[in-house]
Amino acid sequence: MDMSCQTPKADAAAPQHPEEVARRIANHPCYSDQAHHRAARLHLAVAPSCNIQCNYCNRKYDCSNESRPGVVSELLTPTEAAHKVAVVAARLPELSVVGIAGPGDPLANPKRSFETFQRVAAVAPGVTLCLSTNGLALADQIDRLVALGVGHVTITINALDPGIGEKIYPWVFWNHRRLRGRAAAAVLIRRQLTGLDRAVAAGMLVKINSVLIPGVNDHHMGELSREMRARGAFLHNIMPLIAEPGHGTYFGVMGQRPPTDDELEAVRRACGDAGSRVMRHCRQCRADAVGRLGEDLGAAFTKARIGPPPAAPAGPAGPRPMVVAVATSGLGTVDLALADALAFQLFEVSPAGVIAVGERRVAPSAANEDRAEADAVAALAGVDAVAGARIGIGAWRPLEAAGVLPSGAYAGWPVADAAAALARECAARPAAAPARAVA
């Protein structure tokens, strides 16, 4: 097997006390084979885009007659999603879990997903927040997810070997490039394992979803399950391939057969015998499912049925959002000097929370530090503040002159926390700069 894509195991978090784990899964219908009889879940379809393509997936809309992952009847805005949660919670007292599972990947739509979680926590503070992802962008967002209160994460991992992965994933979009073949699979698998390690280290309960594909990864599933368990995954959900020709997926069109019930059970049993905790009650839910597992009440909670979100009450305008730039390598902390940053992550900070709104790229014109700082200053035009691990005096004075508050005081901080703290500093300045557009 090609192990070149794998990462060494990170230091695992201290094992959680069994009573604490039991409490955290007691009302989660996916993590507990008892809870699914009584607890309901709600999937919010707010994430239309995806950063990978799978040969078994076709993200469809207006497909109320199909029940499988990636299918939704209608997309929601974060505001509509929070309204739906409030309505469902009022009508279904057994609602315990609200998750984002698609129809694309939540972390390929971070602004929409994070705003949704913020709004949901405000209207239904008692529910468990859950996320399902392919794992490509997970490692970069662990701190943000923890800050939002997301404690349960599902990662779909179908292979550890790029030679197997390239048969499942036609392409991966990573670092502004579309990768194909074995290189794409290697990047995806490496990122998935890093995301898994960081999620476990952060104290999250992680469930692994794997699609069993005869002749592709069936012989590999035992090894994958052992690796997931060794890295601290709580649960392994081995699902049968759904590959009907009418669904329009590559595997469906090409006639790839799904596993038989006996084949699926044999793999699950082998993984369980090897020590993995195996999920057996999965119903392969739609990305807009409502209700207990095995039932879908989505038709009762469409936008037409529940009506529009209530209008915000009129009143005096609140403080304007602050736009804060952060120099980060993408690992979730303020870890780059201003002169070393090729791009800055942008956050909009307001009373509603901290929302990632994109990035500002630097167009370097020379290889010396003075010129690099000047290029960074030019790239930061229009933001309110910038946090870096180090900011030289050659950049500090021009930034202040342009009305941008620089700070090196948040080196090593999680990016969202640094943005929030620096926005408070910015708002407290005697003469706050006027509102600026973010290019």
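Observations on the model:
- Violating pairs (Cα-Cα greater than 29 angstrom) within the set K84/K111; K167/K303; K84/K207: K167/K303
- Couplings 3J(HN,Hα) of region 179-186, computed from phi: 9, 10, x, 5, 4, 5, 5, 5 Hz, in residue order, whole Hz [Karplus 6.51 cos²θ - 1.76 cosθ + 1.60, θ = phi - 60°; x for Gly and Pro].
Bear in mind that the values in this text are calculations on the coordinates, not laboratory data. This is a predicted model, so every value here is computed, not measured.
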